[in-house]
Amino acid sequence: MTPSHSGGIPAPLLCTALDDAARRLNAGGLLVYPTETFYGIGCRADHAEAVLRVFAAKRRAPDMPLPLILASTDQLSLVAALEPAHESAVQRLAAFWPAPLTLLLPVRADLPAALTAGTGKIAVRVSAHPAARALAEACAFPVVSSSANISGRPAVTSAASLDPDLLSFLASGPEPDGVFDPSHAFPEALAPGGGMASTIVEPAGCGSTSTLRVLREGALPLSRLAEVGFTFLP
């Protein structure tokens, strides 16, 4: 039996330093880490093999796209191919970040096809959790952010509650996989708070710079978007 730390996390998986967590991601590993709502699991968004392993770890259906976390709006162009007609709307929406607001945008053609499940669109946000943002910044590339659970099982807000089946998958995989405990690197970082998932919107393809298609009403009220002039398709 592999020695483990608190919460049953195998010792080789646990990492507490940001540079170690980023090293694992840059080497093609999977990483479990906290977000503002739940623990997430992800990888570098441009690593095709690692993206496929996220699906395998979660037992996630391949027709379900994976969302991404950005360090800041500066990373948007690394994953999204913005249409000129939508640039103004995206800039106004991105002004809300970091926030529970996810934008659905056309994806860059050079990213792994599995990310989008063939939709040609990528879901992105700047997380309100400082550790999640710091991971994307340290990797110099956006990271996948899917809930760290086996599909169909509950998402979790503590490392101690991580599914043993998920941990077993990570422990049996390549050395770079890990579980990031940011409490030493980010003493101010709050534990995931649960609650509602992010609001998801997409700039509408109707020639308007202020019309949005709402894919999910979530933690950011649509009234906040309406206050700055956005309208919504019925």
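Tally up the carbon and sulfur contribution to the accessible surface of the chain as a whole percent, 1.4 Å probe, everything protein left in place. Please list the in-between numbers first.
Working: 5690 of 10140 Å².
The computed percentage sits at 56.
Sequence-distant or interchain residues sharing an amide H contact under 5 Å with residue 36, placed H: which?
128, 129
Want the number for residue 217 to residue 113: 0.36 nm per residue separation, take away the alpha-carbon distance, what's left?
Numbers: separation 104, 0.36 × 104 = 37.44 nm, distance 2.65 nm.
Extending this stretch completely gives an extra 34.8 nm.
Label the range 54-190 by shape, choosing from rounded, prolate and oblate, from the square roots a ≥ b ≥ c of the eigenvalues of the Cα gyration tensor; if a/c is under 1.5 it is rounded, and otherwise prolate applies when a/b is larger than b/c, oblate when it is not.
On the way: a/c = 2.05, a/b = 1.37, b/c = 1.50.
Oblate, because a/c is 1.5 or more while a/b does not exceed b/c.
What helices in the chain pass both tests, a Cα length along the helix axis of 30 Å or more and a mean Kyte hydropathy of -1.0 or higher, using whole DSSP H runs? Intermediate values should be presented prior to the final figure.
On the way: long enough: none.
Result, helices passing both filters: zero.
Just flag the trypsin sites (Lys or Arg not before Pro) in the range 16-97 sitting in loop per DSSP whose Cβ has no more than 14 other Cβ atoms within 10 Å.
Within the range 16-97, the qualifying trypsin sites (Lys or Arg not before Pro) (loop, at most 14 other Cβ atoms within 10 Å) are 59.
How about the range 134-227: which GluC sites (Glu not before Pro) there are in a DSSP loop, with at most 10 other Cβ atoms within 10 Å of their Cβ? Present the calculation step by step, with values, prior to reporting the outcome.
Values: sites: 137, 188, 217, 227; in loops: 188, 217.
Taking the range 134-227 and a limit of 10 other Cβ atoms within 10 Å, the loop GluC sites (Glu not before Pro) found are 188.
Report the one residue of 160, 215, 172 whose Cα lies farthest in the direction of the positive end of the charge dipole of the range 113-234 (charges on C-beta: Lys and Arg +1, Asp and Glu -1; origin at the Cα centre).
Selected residue: 215.
Taking the Cα centre of the chain as origin and charging only Cβ (+1 Lys, Arg; -1 Asp, Glu), how large is the dipole, in debye to the nearest 20?
On the way: 16 positive and 20 negative charges, 87 e Å.
Approximately 420 debye in magnitude.
Could you order 33, 39 so the one with the most accessible surface comes first? Probe is 1.4 Å.
Numbers: 33 5, 39 25 Å².
These residues rank, largest area first, as 39, 33.
In deg cm²/dmol and to the nearest 500, what is the mean residue ellipticity at 222 nm of the chain if only DSSP H runs of at least 4 residues count, each as -39500 (n - 2.57), divided by the residue total? Write out the running numbers ahead of the final one.
On the way: 7 runs with 56 residues, N = 234.
Calculated from helices alone, the mean residue ellipticity at 222 nm is -6500 deg cm²/dmol.
Give the accessible surface of the range 57-207 per residue, rounded to a whole number of Å², with probe radius 1.4 Å and ligands, DNA and RNA excluded. Can you show the working numbers first?
Details: 6270 Å² over 151 residues.
Computed with neighbouring chains in place, this is 42 Å² per residue.
Using Cα pairs under 8 angstrom and six or more residues apart, how large is the relative contact order of the chain, in percent? Please report the intermediate quantities before stating the final value.
Numbers: 501 pairs, mean separation 71.5, N = 234.
Taking the mean separation of contacting Cα pairs over the length of the chain, I get 31 percent.
Using a ≥ b ≥ c from the Cα gyration tensor of the range 153-195 (square roots of the eigenvalues), is it rounded, prolate or oblate, where a/c under 1.5 gives rounded and otherwise the larger of a/b and b/c decides, a/b for prolate? Mind dumping the intermediate values first?
Working: a/c = 3.48, a/b = 1.32, b/c = 2.64.
Because a/c hits 1.5 or more and a/b fails to exceed b/c, the range 153-195 counts as oblate.
Name the residues whose placed amide hydrogens come within less than 5 Å of the amide hydrogen of residue 102, ignoring near sequence neighbours (fewer than 5 apart) on the same chain.
For residue 102, the qualifying residues are 199, 200, 201.
Taking 0.36 nm per intervening residue step and subtracting the Cα-Cα distance, what contour gain separates residue 191 from residue 150 on full extension?
Values: separation 41, 0.36 × 41 = 14.76 nm, distance 2.03 nm.
Gain on stretching residue 191 to residue 150: 12.7 nm.
Each label point is 7 Å from the Cα along the Cα-to-Cβ direction; what then is the distance between the points at residue 26 and residue 72, in nm?
A separation of 1.9 nm, rounded to one decimal place.
Rounded, prolate or oblate: which one fits the range 1-91, using the alpha carbon gyration tensor with axes a ≥ b ≥ c (rounded when a/c is under 1.5, else prolate when a/b beats b/c, else oblate)?
Details: a/c = 2.40, a/b = 1.89, b/c = 1.27.
It is prolate, given that a/c is not under 1.5 and a/b is the larger ratio.
The values are calculated or read from the model by the stated rules, or taken from the named source; none is laboratory data. Everything numeric in this text was worked out from a predicted model, so none of it was measured. As a convention, Cβ positions derive from the backbone with ideal geometry for all residues, glycine included, and neighbour counts pool all protein chains shown. For the accessible areas, the whole protein counts, side chains as well, though only heavy atoms, and no ligand, DNA or RNA atoms are used. Shrake-Rupley method; radii C 1.70, N 1.55, O 1.52, S 1.80 Å.
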